[in-house]
Each structure stands twice: as C-alpha cells, then as structure tokens.
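Chemist: Can you read through this structure? Questions will come right after.
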Amino acid sequence: MKRFVLGLWRWLDERLGWSQTLWPIVAHPVPRNINWWYVFGSATLVAFIMQVVTGVALAFTYVPAPISAYESLQWITHQALLGSVVRGIHYFGASAMVILIVVHMIRTFLMGAYKFPRELNWLTGVLLFVLTLGMAFTGQLLRWNQDAYWAVVVAAEQAARVPLIGHILAYIVFAGPTVGGGTLTRFYATHVFLLPALMFLLIGIHLYLVVRHGISEPPQAGRPVDRATYQRWYQELLHRDGVPFWPEAAWRDLLFAIAVGAGVLVLAIIVGPPDLGRPADPTILQAYPRPDWYFLWYFAVLALIPPQLESWVIVGFPLLVGLVLLLLPFVAPLGERSPIRRPWAVGVVGLALISVAALLHEGIRAPWSPELPTAPLPASVTASLQGSAQQGAVVFQEKGCHNCHTIAGTGGQRGPDLTAIGRRLSRDQLIWRILYGGTNMPAYGANIQPDELAALVDFLMAQGGAVPSAAAR
Ligand code: HEC
C-alpha cells in the first residue's frame, strides 16, 4: 500500500512538478517572530472557501426567480437534509468573512505592512474587501423576503438619488427602474458568477504577491522602511533568521482557521440561519426593513445626516473611503511602520471602530432614510379632500403608492406623475390599473379591501380638478 501511494505520488510529481513549484512556496522562509496577528488573512481565505462550498450546495436547490426563490429557501431550511446547517454556515460564514477581512486590513494598516514594496498587496486587498461587501449585498436580496426586498428598494431609492448619474446607476444595478424579477436574476448572476470569478482572480494575485515579497516582519519602532535598502535587508533577515512557513508559522493559521470553522459550524447548528419572515411582496409596504448588520451602520449614517446632504453622502462617502484606501500606499509608502510611532494611524482606526459601533447601535433603532413612503402629501393636495377621498390619501401612503408616484412635486419617480391623473384616466381605468398593476407596477388585487380601493380611486379622481362622482360621496 505504502509503495503504491509513494509510486503514485512520484508518478504525479514527475508530470506535475509539484515538488519544484508548490513545495518551495509551502516551505518559503518567513521571519521567525511573526505571531498571532498574522492569522487573519489565511482565515479570510478559509472563510471564502467555506462560502464557495456551501454556496454551490445551496445553488443545487435554490431557484432564482421571484415565484420560487423564497419557496426554495424555505424548502432548503425546513426540509432538505442538512439544509438548515448549510444555509446557517453560509450565513454566519459571510459574517465571519466580513469581520476577518476587516481585522486583516486593520492589522496590515497598523503594522504598516502596506508600505514599500507591498503596495500592490494592499491594493488587491482593498479590491477584495469591496468585492466581499458586494457579495454580502447581492446575497441578501436572494432570500427574496420582505426585509431583503425592501432593504434593496431603499438602496435603489438611494442610488437613484445620486446627482447626475443616479438613474443610470439604478438601471444598471437593478436591471430596470425598480426592484423586480430582473433585479433578482441580475443579483444572482452577480453573486454566483461575476463577483466570485473576480475574487478568485484577485486572491490568486494577492497570494502570488504575498509569496513574492514575503510576509512582512513585525514592525519595530525606529526601523523605518527605506526604498534603497529594505529589500536587501529583508532578504538578509530571512537568510539569517528565517523559518520555513510550513510548519513553523502555518500551524497558527491552521489552528485559527479550524477555530473559525468550528465557531461558524456551532452557530449554524445551534442558532441556525435567520428566519426568512414573509415572502417579498411589493404591495405590502414594509416600513422598517433592516439590512444585514454589516450595512446597518451605514444606513444609520444616512438617517442621521440632514436630508439635503443625503444625495451626496450616499455615494460620496463610500467613494471617499475607497479613494483614501487606494491612495494610502502611495501617500505613505516609506517611513516608520510601528504603530507606536504612528499615533495618527492608531487614532484613525480607534475612531472608525468606535463610530461604527455607535452607528450600529443607532442603526437598530434608526428610521430608514430616505424614509418610505418618501414624504407626506403636500397640504395643497390634502386640504381640499373630503370624505372617502381623504381616506384614500391615507391608503395612497400606506400602500406605498407615493413611494413610486409623484403628486404635486413630492414622492417617488418610478411610476408616472399622478398630479393630474383624475383628468387623464377614468374611474374604471384606475380600478383596473390598481388591481392588475402593469409592467413595473405591482398588482394590488390580492392586497386591497374594496372600501380601500373605492377610497383610493376617489382620491385619485380628485387629482387634477375632477369632481368625485356623486355616488362616491
Ligand atoms: C413599485 C412602484 C409602484 C408602486 C408601489 C405603485 N405604482 Fe403605480 N405605476 C408604477 C409604474 C412603473 C407605472 C407605469 C406603468 C407600468 O409600468 O405598468 C405605474 C402606473 C400607474 C398608473 C397609471 C398612470 C398613467 O399615467 O397611466 C396609476 C393610476 C397608478 N400607477 C396608480 C398607483 C396606485 C394607486 C398605487 C398604490 C396602490 C401604485 N400605483 C403603486 C409603479 C408603481
């Protein structure tokens, strides 16, 4: 048996050349004194692999269409063999990956590991961070439940508000003027093909660079990076005092990765995946949708700042953070690496962590912004209403019509302006439209009471000066 295995190994090695290509990578020398702070990168990779494996498993059963997405996830969660555990791992694994990549970034930042000659390690890492958030964002909608649907509707609302390019942006991201079946298909393709493919590519480059430039040595105060001497000095350090990566350093990575995997598994089994709640329904306005926790803090930001600034901050803030992260290794490629000599770096990280924690706390309670429905109806619209038309105005808000339709200058822009709709459409046409919807308008037939419908139509007939019919009074 042993001879057979050895023989097989030799046969393969002769053809694949592992011992000449892979072994030097596994055994490449690393500084002797690297420590537990160095385990987060490899743990992020392990979390990613965990996501790929469970993601493929989920994709075997998940059906990415509006009529079936929610149902198939319910089936996975409650009926499929181990389905709940697989979904649980995918859910907690996502959280783990976000946390690990952030800790890894903070570690490399505080230890100045992004400095010369490892600038590209940092840049590919920043891109991987952005892609990880993209995975978290697109994955959320795939549940196709009320929270996910309305959270993304709010995001669409926000994207559309971006100055100049907002509507184009919303069209590209959501595959149409509003969140619908097309959005689900687009998010699914992005989540399972586009982003993972980019991540595999970037992880490959990132790892290649880690091997090429070597793992950064733990910084020491008073030992700045100098472009002329650093690389020679580092090579000498490895030569003098290096240890092989496997097993001298890798045992920590292995141990920590196992701990992360075990933690995720235990959470998946004991806590289980999050309850799906109700299926997505465009006709039932969800006033307080909550995104997954990693986006919650950002929505708190939007809720707290003055509304006039919102449109700029929504996309401006992430762009600014991204720009700072991308420019960092070019602005400060040299000099001290030790956090002891870089009080500003430590301060910035501390401040950012405290802010995010406070905002997360706030985000759990904060009202959404832009709030849904977008705005109260202006007095010019409501003042002259009487009787059932007055009730109709309330229905118009409660059913989320205002969220898509503008009246007298307020409201959403996904549907046509209804300011003078009473003059354009007849009572029957209005009823028909509300009951059956349209290409991009939800059908309210199953979700509106006859008296609500009558009141709503009275309200709409009152728009544009048409006098509500005597029968309606
Ligand atoms: C998700 C966004 C959305 C919501 C919510 C919505 N609509 Fe619409 N509505 C549209 C769109 C888009 C159209 C344009 C036609 C189409 O795409 O079917 C439309 C068309 C209409 C029209 C026809 C307008 C015209 O000029 O022909 C009326 C009337 C209307 N909606 C009323 C309502 C009412 C009343 C409600 C609330 C019960 C409502 N809508 C909720 C998106 C929406």
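The values are calculated or read from the model by the stated rules, or taken from the named source; none is laboratory data. Quick caveat: nothing in here was measured; it's all calculated off a predicted structure. Cβ coordinates were reconstructed from backbone atoms using ideal geometry, including for glycine residues, and neighbour counts include every protein chain displayed. Just so you know, the surface numbers come from the protein's heavy atoms only, side chains and all, with ligands and any DNA or RNA stripped out. Shrake-Rupley method; radii C 1.70, N 1.55, O 1.52, S 1.80 Å.
Chemist: Taking the condition assigned to a helix (DSSP H, G or I) and modelled with pLDDT under 95, does Val153 pass? Outline the logic, then answer.
Modeler: Details: assigned to a helix (DSSP H, G or I): yes; modelled with pLDDT under 95: yes.
Yes; evaluated as a whole, the condition is true for this residue.
Chemist: Which of the residues spanning the stretch 214-228 are over 17 Å from Asn33 (Cα atoms) and of a type outside the set (Gly, Ala, Ser)? Walk me through how you get there before you give the answer.
Modeler: Of the stretch 214-228, the ones over 17 Å from Asn33 (Cα atoms) are 222, 224-228.
Of everything in the stretch 214-228, those that are over 17 Å from Asn33 (Cα atoms) and of a type outside the set (Gly, Ala, Ser) turn out to be Pro224, Val225, Asp226, Arg227.
Chemist: Residue pairs, Cβ under 7 Å, 6 or more apart or interchain, first in the stretch 380-402 and among the β-branched types (Val, Ile, Thr), second away from the ligand (no atom under 12 Å from the Cβ). List them.
Modeler: Between residues of the stretch 380-402 that are among the β-branched types (Val, Ile, Thr) and residues that are away from the ligand (no atom under 12 Å from the Cβ), the close pairs are Val381/Ala408.
Chemist: State whether one or more residues within the stretch 289-297 are in contact with a Pro (Cβ under 9 Å, 6 or more places away or on another chain) and surrounded by 13 or more Cβ atoms within 10 Å (Cβ to Cβ).
Modeler: Pass one, the stretch 289-297, residues in contact with a Pro (Cβ under 9 Å, 6 or more places away or on another chain): 292.
The next check asks that each one be surrounded by 13 or more Cβ atoms within 10 Å (Cβ to Cβ); those that pass are 292.
Yes, there is a match, as at least one residue in the stretch 289-297 is in contact with a Pro (Cβ under 9 Å, 6 or more places away or on another chain) and surrounded by 13 or more Cβ atoms within 10 Å (Cβ to Cβ).
Chemist: Just need a number here: residues in the stretch 446-463 that are surrounded by 14 or more Cβ atoms within 10 Å (Cβ to Cβ), more than 11 Å from the ligand (Cβ to nearest atom) and either in a loop (DSSP other than H, G, I, E, B) or at pLDDT below 90 (or both).
Modeler: Here the count works out to 1.
Chemist: Additional query: Taking the stretch 47-62, which residues are open to solvent by 20 Å² or more (accessible area, probe 1.4 Å), β-branched (Val, Ile, Thr) and out of contact with any Pro (no Cβ under 9 Å at 6 or more places or on another chain)?
Modeler: Matches in the stretch 47-62: Ile49, Val53, Val56, Thr61.
Chemist: Take Leu58 and tell me if it is free of Cβ contacts under 8 Å to residues at least 40 places away in the same chain and closer than 30 Å to Gly182 by Cα. Working first, answer last.
Modeler: On the way: free of Cβ contacts under 8 Å to residues at least 40 places away in the same chain: yes; closer than 30 Å to Gly182 by Cα: yes.
Yes: the conditions hold for Leu58.
Chemist: Please count how many residues of the stretch 300-354 are of a type in the set (Phe, Trp, Tyr) and in a loop (DSSP other than H, G, I, E, B). Don't jump to the end; show me each part of the working.
Modeler: The first filter runs over the stretch 300-354 and keeps only residues of a type in the set (Phe, Trp, Tyr), leaving 312, 317, 330, 344.
Filter again for in a loop (DSSP other than H, G, I, E, B), leaving none.
The number of residues fulfilling the criteria is 0.
Chemist: Moving to a separate point now. Kindly state which helices (runs of 4 or more DSSP H) lie completely within the stretch 172-253 and contain at least 3 residues that are under 23 Å from Leu133 (Cβ atoms) and under 27 Å from the mean Cα position of the chain (by Cα).
Modeler: 181-189, 195-213
Chemist: Now a separate question. Return yes when Thr439 is at pLDDT below 90 and either more than 29 Å from Ala159 (Cβ to Cβ) or more than 6 Å from the ligand (Cβ to nearest atom) (or both) and no when it is not. Before the answer, list the steps.
Modeler: Values: at pLDDT below 90: yes; either more than 29 Å from Ala159 (Cβ to Cβ) or more than 6 Å from the ligand (Cβ to nearest atom) (or both): no.
No.
Chemist: Tally time: how many residues in the stretch 5-46 are under 30 Å from Met135 (Cα atoms), open to solvent by less than 50 Å² (accessible area, probe 1.4 Å) and among the hydrophobic types (A, V, I, L, M, F, W, C)?
Modeler: Of the residues in the stretch 5-46, 3 are under 30 Å from Met135 (Cα atoms), open to solvent by less than 50 Å² (accessible area, probe 1.4 Å) and among the hydrophobic types (A, V, I, L, M, F, W, C).
Chemist: Oh, and also: Is it the case, given these coordinates, that Leu276 is assigned to a loop (DSSP other than H, G, I, E, B) and of a type outside the set (D, E, K, R)? Spell out how you get there, then give the answer.
Modeler: Numbers: assigned to a loop (DSSP other than H, G, I, E, B): yes; of a type outside the set (D, E, K, R): yes.
Answer is yes for this residue.
Chemist: Additional query: Within the stretch 10-31, is even one residue closer than 19 Å to Ser95 by Cβ and without any contact (Cβ under 8 Å) to a residue 24 or more places away in the chain?
Modeler: No: the stretch 10-31 contains no residue that is closer than 19 Å to Ser95 by Cβ and without any contact (Cβ under 8 Å) to a residue 24 or more places away in the chain.
Chemist: Considering each residue of the stretch 154-178, count those that are aliphatic (A, V, I, L, M) and open to solvent by less than 10 Å² (accessible area, probe 1.4 Å), and give that number. Even if it seems obvious, please write down each step before you answer.
Modeler: Here is the first cut: in the stretch 154-178, the ones aliphatic (A, V, I, L, M) are 154-156, 159-160, 162, 164-165, 168-170, 172-173, 175.
This time we only want the ones that are open to solvent by less than 10 Å² (accessible area, probe 1.4 Å), so: 154, 156, 170.
The qualifying residues number 3.
Chemist: Can I ask one more? Of (1) free of Cβ contacts under 8 Å to residues at least 24 places away in the same chain; (2) surrounded by 12 or more Cβ atoms within 10 Å (Cβ to Cβ), Ile284 satisfies all except one. Which?
Modeler: Status for Ile284: all satisfied but (1).
Chemist: Ok, one more. How many residues, within the stretch 404-434, are under 24 Å from Pro289 (Cβ atoms), in contact with a helix residue (DSSP H, G or I) (Cβ under 8 Å, 6 or more places away or on another chain) and near the ligand (Cβ under 9 Å from one of its atoms)?
Modeler: Qualifying residue count, the stretch 404-434: 4.
Chemist: Can you find, within the stretch 382-396, the residue that is surrounded by the fewest Cβ atoms within 10 Å (Cβ to Cβ) among those that are farther than 13 Å from Leu460 by Cβ and either of a type in the set (Gly, Ala, Ser) or within 10 Å of the ligand (Cβ to nearest atom) (or both)?
Modeler: Top of the filtered list is Ala383.
Chemist: Checking the condition away from the ligand (no atom under 16 Å from the Cβ), in a loop (DSSP other than H, G, I, E, B) and open to solvent by less than 40 Å² (accessible area, probe 1.4 Å), which residue from Gly134, Gly112, Gly139 passes?
Modeler: Numbers: Gly134 fails: in a loop (DSSP other than H, G, I, E, B); Gly139 fails: in a loop (DSSP other than H, G, I, E, B).
When all the criteria are applied, what remains is Gly112.
Each row is one residue, and each column tells you yes or no for (1) in contact with a Phe, Trp or Tyr (Cβ under 9 Å, 6 or more places away or on another chain); (2) surrounded by fewer than 17 Cβ atoms within 10 Å (Cβ to Cβ).
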site: Val331; (1), (2): no, yes
site: Arg342; (1), (2): no, no
site: Leu351; (1), (2): no, yes
site: Ala357; (1), (2): yes, yes
site: Leu377; (1), (2): yes, no
site: His405; (1), (2): yes, no
site: Leu430; (1), (2): no, no
